[in-house]
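First up is the structure itself, then whatever we jot down about it.
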Amino acid sequence: MRFLLGVFVGYNLRGRNELLITVLAIILLINYVVVPTAALLALHLDVQREHQSRPAHTKVPAIKGLTYAEAETRLRSCNLNIRLLATRYDL
């Protein structure tokens, strides 16, 4: 497509079929430069908006090796909620 755009611009500069070549060059320019640029800009803005709408990252303290009560106390002191999802009994 860049080749065709170059051919159209070249013919336009030489003065052959000025109106037709100019219109075709403008159409190619819009289709292959302006529209993708606008789409990428819209995507960039959408990604930024999505990133800004997410909450800040939360740091979870290390609770490995603590009892359930100690872990619960440490997590609650960091304003985190805790729930027991499953219980496993080892022999």
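The values are calculated or read from the model by the stated rules, or taken from the named source; none is laboratory data. The shown structure was predicted, so the numbers you read here are calculated from the model rather than taken from an experiment. Cβ placement follows ideal geometry from the backbone for every residue including glycine, while neighbour counts extend to all protein chains displayed. Just so you know, the surface numbers come from the protein's heavy atoms only, side chains and all, with ligands and any DNA or RNA stripped out. Shrake-Rupley method; radii C 1.70, N 1.55, O 1.52, S 1.80 Å.
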Summing -39500 (n - 2.57) over every DSSP H run of at least 4 in the chain, dividing by its residue total and rounding to the nearest 500, the 222 nm mean residue ellipticity is -19000 deg cm²/dmol
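Pairs of alpha-carbon atoms within less than 8 angstrom and 6+ residues apart define the contacts here; what relative contact order does the chain have, in percent?
14 percent
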State the percentage of accessible surface on the chain attributable to carbon and sulfur atoms; use a 1.4 Å probe and exclude ligands, DNA and RNA.
61 percent
Give the accessible surface of the chain per residue, rounded to a whole number of Å², with probe radius 1.4 Å and ligands, DNA and RNA excluded.
94 Å²
For the chain, what are the DSSP H helices with axial Cα length of 20 Å or more and mean Kyte-Doolittle hydropathy of at least 0.0?
35-53
Any chance you could run the full-extension gain for residue 59 through residue 27? It's 0.36 nm times the residue separation minus the Cα-Cα distance, nm to one decimal.
6.3 nm
Give the Rg (one decimal place) followed by the Dmax (whole number) of region 32-91, computed from C-alpha coordinates and expressed in Å.
22.0, 68
By per-residue mean of other Cβ atoms within 10 Å, what is the highest-first order of 39-46, 22-29?
22-29, 39-46
Enumerate by residue number the trypsin sites (Lys or Arg not before Pro) in region 49-91 meeting two conditions: DSSP loop (anything except H, G, I, E, B), and at most 14 other Cβ atoms within 10 Å of the site's Cβ.
59, 64, 83, 88
